[in-house]
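The next block holds one structure in the form of structure tokens; read it before the comments.
Just so it is clear, none of the values below were taken in a lab; they were calculated from the coordinates. Small disclaimer: the values here were computed from a predicted structure and weren't measured. Backbone-built Cβ (ideal geometry, glycine too); neighbour counts: all protein chains shown.
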Amino acid sequence: MSRDDQAAACRRFEELELKAANGTPLTTDEQDFARRHEGECEVCGALIAGLVALQYGGADGVAPSADEVTARRVINGALEAVGRAGPSRAGEELAAKATPDRATGGRPRGALRRAGLSAAVAAVTALVVAAVVVQLRGDDPTLLLSGPPPPPKGAAGSDSVVPVLVAGVVRAGRGVVSVGEPLRPSAELSVGAGRAAIRVGADVTVLLSADTTVRLSAKSAGVQSLRLVVGDIAVAVKPRPGAPRFAVRVADARVTVTGTIFSVRNDARGAEVAVLRGALLITAAHRAPEVVTRTRRYVIGTQRAELLDPERERVLRQRARVLDLLQTDRPARLSLRTDPAGATVRVDGTVLGATPLDASIGEGQRDLELQLSNHTPVRERVLLRSAISYDRDFQLARMPPRPAAVPDDGWRALVRAARSKRTARDWRGAARAYRELIRRYPRRGAARTAHVSLGFIQLEHLRRPGFALASFQRYLAGGRGGALAREAAWGRILALGALGRRKAEKRALRRFLARYPRSVYRRRAAGRLRKLTPDSMGRRTK
């Protein structure tokens, strides 16, 4: 096989490993190719052995947190082995370095693919991996975000936990939380009716929703930890070298995540992990591993992963936009206060929180909007610059009161009013009530009936045959099956006669007699028709 063919086969093998790791079933031909290539290619076989060692190389087959440096060491070792010894000896050399005695921990290769091989293969192609591990040991559940070793001691932001958003009621113990002032390692951060966010080092941002309490822990063995006491948090991780390790204590599971944004919720309904970007591997004692891919959630303790419902996914995407604003290398300070307080603050259309609000967001030109019920909204375009504070107070003007709405007594009240006016022989008042009924409730059966009642009032009492004709015709336009169709047809005949439209009146009389031969109006209709019909001498019958 030529060098180009070998490279193409290796690329296809990597693509199939990624596909399988992401939960997509392989076809029979693809499975056969992967098995055959792994057996034939010493480099790919050795790489798989190294990855197995990374994933299951811990004591008793439990995976340690695999950082990016370790992954790169295996990958670079494979490349160096190829260059130094050629393909024939590269596999033996790398496997001897990377695979300990309990490399697989008794676990099948299929579990490795399902459990996140995509992270390691992605390191081959992109050389950028972020991993999160949720690890629960007894009563100490921990969500571990494992990455490469922390920056050298003394590097800026390597250990600090700094608030980057304070909106509404946020406290650290009994003290007040301020943006930019580092929190004590053991501080308890509580959010009431508001929202807050903290930055852990330079690469992790945690957004706390309302009614959420978290407890920080001192950094130990390179791990900065946080306990979710109650509430809901969203976490964003920059997938770049140098990220410190991070931990969230939550529930009985071990979750490995490749990606950047996920959420953890702990309340009366239980503990839940949801993924917006990337994928998670959840393992726990005496349970099979579970892979949770993006837009899926896992309720800890149920051994079941399912699709996020649309509302939960919408909320996660909104939080992701907030995290994008807060997670920046060039922050600008934004401090807003309003009178009255409690105005919703939107930056570039994203709800950041409610006033009073203090935040550290990315610099640049931003669209700022403040909204409070019954007050005139404020909209401005502001230029935020790094290390410069934009500090503003706004006096929100109250909107003028809206005109009081006319009480709606309903269509029954209008029918009663019309009947009362007719009884009192207030024909104009009755006509007004019927017209209002027709205008406000055009789809009601009472409104259709009102056309007939209004037509006879206009014809017999108000002497307005033209308006009466229109009312009768509107009723008839709704179909012949109405309960008052016969009365409307007769009223139309009377209106045509009052208007002097003889030909139209005669046609209407003939149709009426043909359609309603037993009507109480039959004799009057026949007599009127005879008067309008000329005799043999051309004279109308008297």
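Numerical summary
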quantity: Amide H partners (placed H, <5 Å) of Val230, local residues excluded; calculated: Thr213
quantity: Span from the the range 330-351 Cα centroid across to the the range 495-527 one, whole angstrom; calculated: 75
quantity: Å³ per residue enclosed by the Cα convex hull of the range 347-466; calculated: 185
quantity: Kirkwood-Stokes translational diffusion coefficient of the range 284-338, alpha-carbon pairs, 10 °C, 1.306 mPa s, µm²/s; calculated: 110
quantity: Footprinting exposure proxy for Cys10, Cys41 (fewest neighbouring C-beta atoms within 10 Å first); calculated: Cys10, Cys41
quantity: Modelled FRET efficiency - R0 60 Å, Asp32 with Arg269, Cβ distances, 0.05 increments; calculated: 0.85
quantity: Other-chain or far-sequence residues with amide H under 5 Å of His375's (modelled H); calculated: Met399
quantity: The range 328-395: relative contact order as a whole-number percent, Cα under 8 Å and 6+ apart; calculated: 42
quantity: For the range 328-395, Kirkwood radius (reciprocal of mean inverse C-alpha pair distance, Å); calculated: 12.0
quantity: The range 439-539 shape via C-alpha gyration tensor axes, a/c threshold 1.5; calculated: prolate
